[in-house]
Every structure is written in C-alpha cells, then in structure tokens.
Amino acid sequence: MRWPRDLLGVATPDVARGVRAAFVTLAPFYLAAALARPELAWTALGGWLGTLADPGGPRATRARALAIFVVAGTPLVAAFESVAWAPTMATAGLMLIAFAMSMLRSVSGSAATLGNFLTMVAAIGGARVRTSPVSDALGFALGAAMAVFMSTIVWPVWTHLPVRRAVANVYAALASYVAEAARMHSAEQKAASAWTDLVRTHHRQIRDALESARVAALAGRARRQGESRYGGTVRALLGAAELQFPIVASLVIELESRALAPSVDPRRLDALAAGYRAVATTLASPEVRRHMPPAPTLSPTLNPTPATVADHLFDRLDRACTLVRDLLHALASDRGPPATEPRDTASLPGAPQPGPVSAARDVTTVPIALRAMRDALSWRSPYLQHALRTALAAGAASLVGELLSRSRVYWVTLTTLAILQPYPGATMKRAGERVVGTIFGCIAALVITTSVHSRLALALMLVPLSVAAVATRPRSYRLFTFFLTPLFVIVTDPTHDWHTAALRAGDAVLGGLVALLAGVLIAPASERRRAPEALGDMLAFLGDYAAAVFATLRDPKGSLDDSHVASKRRATGLALGAAETSLERWLAEPLTDRGNAADAMLLVTYARRLASALTSLDVLRPIARTAGPAGTADAAAVAAYVAATLEAARAHLATGAAEPAIPAPPWLHPPAEPSIERALERVVRWAALIAGVVQRDAT
C-alpha cells in the first residue's frame with residue numbers, strides 16, 4: 001500500500017516550509033529580547049506570516065503574492081499603530097480593512113488567504129500602542145522581505161511537486177508496460193501465459209499508481225482554497241494518463257494477437273514508451289521548464305493513415321499525447337492567469353485564452369472583470385455577505401476584547417478572523433478545533449515558559465513548533481492550533497509567565513463565540529447534499545453553452561445573435577464558480593466521502609477546460625465557416641457527442657444511473673483549416689474525460 005507514503009510526500013513541502021519559517025522567525029525573536037529592540041518582534045512576526053502567506057506554485061507567482069503582502073502590510077502596521085491609542089477609530093478602520101480584504105475572495109481563494117493575513121496584520125497593529133509605528137512597520141517589512149527572499153531565491157518549496165511526482169509514476173508505469181510489450185512482440189512471444197503475466201503485473205502497477213496519484217491530487221487540492229490553474233493542469237495530466245490506460249491495454253491485446261505475424265512498426269512502440277518516460281522525467285523534476293522533452297518524442301504515430309485496429313489505437317494515442325504535450329507546455333510557461341486563477345473572471349469561459357484566441361484579450365477582459373465585480377457587490381452575492389459578516393465580526397471581537405481582555409485585544413480578534421468561514425458548517429467545525437487546540441496549546445505553552453528560562457533555549461523551541469505548525473496546517477486545524485499557540489505566546493509576549501497562557505485560552509473561547517454567532521446567522525443545507533445539485537447545474541449550463549456555440553458555428557450566414565452565446569458563456573462561468581465553491585464547502589465538512597469528492601474535483605476541472613475549449617472554438621467561428629462539408633459534419637458529430645455526454649453525466653448525478661449511456665468519441669475528418677480540427681479535438685478530449693469520470697464512478 002503506497003497511499004500513506006504518497007500522503008507523506010504531499011506533506012514534505014510543508015515540513016520544508018516549517019523549517020524555513022523557523023529560520024526567518026528565530027533570529028529576530030532572539031535579538032528582540034537580547035537587544036531590547038521590540039521592533040524586531042515585528043520582524044519575526046512578518047517572517048512568520050509571510051511564510052504562511054506563500055501560495056506556492058511557480059517562483060513568479062509566489063514572488064508576486066509575497067511582494068503584495070510586503071507592500072500592503074507595511075503601511076497597515078504603521079497606520080494602525082498610529083491610531084491604536086483611539087480604540088474606536090482602530091475598530092472602525094479594522095472593519096473597513098476586513099470588508100475590503102474579505103472581498104478578495106471574489107478574485108480567488110489565494111487572494112482571500114492573502115487578504116486574511118493582511119487583516120490579521122491590521123488587527124495586531126491596532127491593538128499594540130507603540131511610540132514608534134514607523135520602526136515597527138520597517139521591522140515588519142524586513143521580516144516579510146526575508147520570507148520573500150527565502151521563498152523565491154534561497155529555498156523555493158515546490159508545493160505541487162509531490163502531486164506531479166505521483167502523476168509521473170503513472171506515466172513511468174505506462175512506459176514500462178509499453179516497453180515490455182514491445183520487447184515481447186519483437187521477440188515473437190507466443191506463450192499466452194507470458195502475455196497474461198504481463199497484463200496482470202503491469203495493470204496492477206498502473207492501477208496502483210493511478211490510485212496513489214488520485215489520493216495525492218485530492219490531498220493537494222484539499223490543502224488550499226480556490227482552483228489553481230497550475231494544479232488543474234497537473235490533475236488534467238492525471239486524467240490524460242487515465243484516459244490512455246485502456247487504449248494502451250487494447251493495443252497490447254492487438255500485439256498479442258499478432259505475435260505470429262508481426263505487423264506493427266516497432267518504432268511506434270519505442271516512440272510511445274520514450275514519450276511516456278520523457279513525460280515522467282519532466283513531471284518529476286522541480287523545474288518543468290528545464291526538462292521539457294522535445295515535441296517529436298511525444299508523437300508515436302509514424303504512419304498517419306490508419307488502416308488496421310492497431311493503427312487506429314496509435315492514432316488515438318497520438319491525439320492523447322498531443323494533449324499531454326500541450327499541458328506540459330502550459331506548466332512550463334505558466335501561461336494565462338497566475339496560479340491564483342480568478343474564480344469569477346479568468347475562470348469564466350469567456351476570459352482570455354492562450355493560443356488562437358489571444359487577439360480577443362483586450363476586448364473581453366475589461367467587460368468580464370466589470371461584470372464579475374458587479375456580481376460580487378450584489379446584495380445576493382455570497383462574497384458581499386461574507387465580507388459584511390467578517391467586518392461586523394471583526395468589530396464585535398475588537399469591542400469584546402476591549403471590554404474583557406484589554407491587554408490582549410488582538411488575540412480575540414485574530415481568533416475570530418481565523419475561525420470565521422463563508423459557510424456555517426466549516427465555521428462550527430473550525431471553532432471547535434480552534435478552541436480545543438488552543439486550550440491544549442496553552443497548557444504546552446505553560447509548561448515551556450515555566451520550565452525554560454534561557455532566551456536562546458526559548459528561541460530554539462521555535463524550530464520544532466514552527467515545523468509542526470506549518471506541516472499540520474493543511475491537514476489538521478486542531479494540531480495546527482495546538483503547535484501555533486505556544487509559538488505565538490513565546491513570540492508575542494516578553495514576560496512568558498503563566499498568566500499569558502491562561503489569558504490566551506480565555507481569548508480563544510471569546511473569539512470562538514463571536515465567530516460562531518456571526519457564522520450561523522445564515523445556515524445553508526449540508527454541502528454533501530447540495531454538491532450534486534451544483535455539479536448538475538454546472539453541467540446543464542455547460543450543455544446550453546455548447547449548444548449555443550455549435551448553433552452559431554453551423555449558421556452559414558451568421559444571422560444568430562452573438563449576445564445569446566455571450567449570455568450562455570457568462571452563466572456557465574458563474575455555474576463553474578458555484579460548483580467550485582460547493583466542492584470547497586464539501587471538502588471542509590467532516591466525514592467527507594473522499595472517493596466521491598475526488599471524482600467531483602476532476603469533474604469541475606474537466607468542465608472548466610471544456611468551457612475554455614468551447615470559447616476557443618467560438619472565437620474561431622469565422623474560420624470554421626470556411627472548413628467545408630467535412631468541417632460541418634464534424635461539428636455536428638462533436639455537438640451530438642458533447643450533448644450526450646453532459647446529459648448522461650447530469651442524469652448520473654441526479655439518479656445515480658448505473659450505466660450512463662455515453663457514445664464513443666467521434667472521429668474527425670481533416671478540414672481545410674487545421675486550427676478548426678485542433679479546436680474540435682480539444683472539445684472532444686475534455687468531453688471524453690468527463691465521460692471517463694462518470695463511467696468510472698458508475699462502475
């Protein structure tokens with residue numbers, strides 16, 4: 001059983017981040033106490049928060065995010081420390097900041113996380129009356145800049161690398177399968193038992209690799225908020241491998257049947273195995289860009305005219321390998337939006353797309369962004385509702401802290417901000433975990449502060465606490481809070497007496513109560529029951545969008561109104577965002593069915609990519625009308641296939657149909673314009689992946 005090892009591999013980057021956090025926190029903390037320079041405590045805090053705010057992903061993505069954190073956090077420290085003497089003014093300012101930062105959730109999940117940390121910075125600054133806000137702000141900037149330097153230059157941590165390596169194992173297993181089958185075919189192996197052993201051994205290896213990769217992908221997805229374009233591409237590579245497995249198995253059957261009269265060009269098999277090995281090597285390397293395989297090694301088809309069953313299988317594998325090549329280039333170039341893909345802007349099917357639709361970027365970006373902003377500011381918007389809830393909760397927590405815990409006001413506020421979630425189920429779960437973890441963490445802090453009196457020893461205690469806190473944060477909020485509490489008590493309090501730990505436990509209870517009262521005002525139904533409905537709506541809107549695109553594509557005179565397609569595209573984008581949010585809520589609930597959640601994750605990823613492929617096809621509409629009768633016939637066949645696939649997927653979600661009736665993907669004729677064929681192939685690929693998820697779930 002490799003799954004525990006794969007889950008441990010997913011945790012490895014977080015352990016490395018914990019060590020990095022300890023490095024940027026330990027020295028400033030020790031120097032702050034040894035040199036009596038309180039501004040260095042802000043340096044330690046800036047380094048710690050900067051490490052947690054690191055979104056991971058490519059260097060450019062994390063550099064942009066952390067640079068924003070430094071640039072925005074530094075004036076917040078100075079401004080809120082300057083008004084800390086007036087609690088009413090500080091509370092009003094905190095409410096405004098909490099509202100604005102919470103609205104970042106409408107941009108992306110990673111932006112929401114960054115905004116939450118900036119709100120915490122404001123809360124700490126507004127509760128600490130200091131005479132030198134500028135020096136404290138500079139100290140914070142120094143610590144956060146150290147986190148940027150460590151994250152992007154000295155010690156980059158590749159958060160997606162364990163998942164990529166799990167997917168690489170699948171391609172390596174496919175390469176081994178093809179290579180061994182090629183060897184037996186070249187040796188004219190006739191014994192049926194040898195071929196049976198080949199299939200039994202390699203099928204088990206590939207299936208184990210696939211399941212391990214699915215577990216790793218689900219663990220990686222559950223550890224972060226918001227869909228990531230980079231992470232979605234990695235999961236798409238997993239789906240592409242899963243799609244090719246049965247085709248390779250069928251090819252091996254053909255090789256066995258032709259063992260007496262070899263007719264398959266061995267160069268095809270060698271090229272296919274080499275291509276799989278090249279993909280595995282690329283995915284397993286930290287820097288994808290530096291290990292990109294040359295394009296020819298991913299194309300096993302040497303005779304482009306299919307004549308036999310084996311030729312047709314090679315042709316299908318060639319198309320699948322083209323998809324893999326495109327996905328690898330997307331990883332290498334980090335094209336499109338950054339890894340924090342906006343949920344209501346770039347995630348819309350009408351958003352700018354790479355390749356042929358790049359000319360439409362300037363035309364479509366501004367209207368879509370304005371519409372997304374308008375939707376987010378609507379009174380019915382869940383983003384606006386949560387932003388108001390967060391602002392009111394932050395203000396209430398600040399007032400409660402002033403009345404009941406004046407010396408540690410920000411501890412109440414920080415607890416409330418950390419617990420409060422956009423939906424009540426996750427808020428209640430997190431409140432219980434936070435309070436329990438804090439109480440036991442305070443006990444640990446009491447033991448540490450009463451038994452360890454050396455400043456150096458206390459500083460060294462930050463290392464295991466930091467590593468444990470960061471490593472457990474994506475997986476167990478209770479353990480994260482348990483390890484975080486003594487770390488926070490040691491860093492923020494210079495006296496280190498037992499009163500500090502006791503007050504911290506009381507503040508956790510107060511903050512948890514405020515968050516619960518704010519979080520349960522609106523109580524939606526369990527997402528476990530709502531998620532299938534959200535996924536069904538997503539597929540329904542996607543089906544309407546596909547029908548509109550193909551209707552205009554087959555309209556020779558261009559008489560159909562383009563606004564109809566635009567409205568369907570926008571509705572699909574909103575439905576995709578709602579399904580993504582529903583999936584996140586589902587993952588946050590206790591006792592989640594991880595198998596069904598993994599299929600739902602893939603369904604959302606593939607639906608988003610199918611929507612983008614449809615948008616690309618719609619942009620190429622003027623060219624498609626010149627493709628001739630073959631192109632028109634292909635468009636009709638693809639339209640029928642997409643409609644049947646999405647309808648079967650919806651029926652399966654609604655009724656749990658055991659055997660969804662999904663036709664085979666259509667074969668396409670080469671049209672006069674190759675870009676049209678590629679656009680139609682992209683649509684077929686992503687629809688086929690959706691069909692694969694539904695059919696696997698049905699079995």
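Every number in this text was worked out from the coordinates using simple rules, so none of it is lab data. Keep in mind it's a predicted model, so treat the numbers as computed, not measured. Don't worry about glycine lacking a Cβ; one is built from the backbone with ideal geometry, like all the others, and counts go over all protein chains shown.
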If I model a spin label at H203 and A86 as a point 7 Å from the Cα along the Cα→Cβ vector, what separation in nanometres do I get?
7.6 nm
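Based only on Cα atoms, what Rg/Rh ratio does region 36-101 have, Rh being taken as Kirkwood's radius?
Using only Cα positions, Rg/Rh for region 36-101 is 1.04.
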According to a simple spin-label model (label point 7 Å from Cα along Cα-to-Cβ), what is the distance in nm between S454 and S250?
6.9 nm
Pairwise label distance in nanometres, S186 with T281, each label 7 Å out on the Cα-Cβ vector:
1.8 nm
Counting other beta carbons within 10 Å of each Cβ, put W411, W686, W85, W379 in order, fewest first.
W379, W85, W686, W411
What shape does region 368-471 take by its C-alpha gyration tensor, where a ≥ b ≥ c are the square roots of the eigenvalues and a/c under 1.5 counts as rounded, a/b above b/c as prolate, and the rest as oblate?
prolate
Sequence order, region 75-88: Karplus ³J(HN,Hα) from phi using 6.51 cos²θ - 1.76 cosθ + 1.60, θ = phi - 60°, Hz rounded, Gly and Pro as x, gives x, 5, 4, 5, 5, 6, 5, 5, 10, 5, 5, 10, x, 5
What does the charge count near A191 come to, summing +1 for each Lys or Arg and -1 for each Asp or Glu among other residues with Cβ under 12 Å from its Cβ?
-2
Could you grab the relative contact order for region 82-219? Cα pairs under 8 Å, six or more apart, rounded to a whole percent.
22 percent
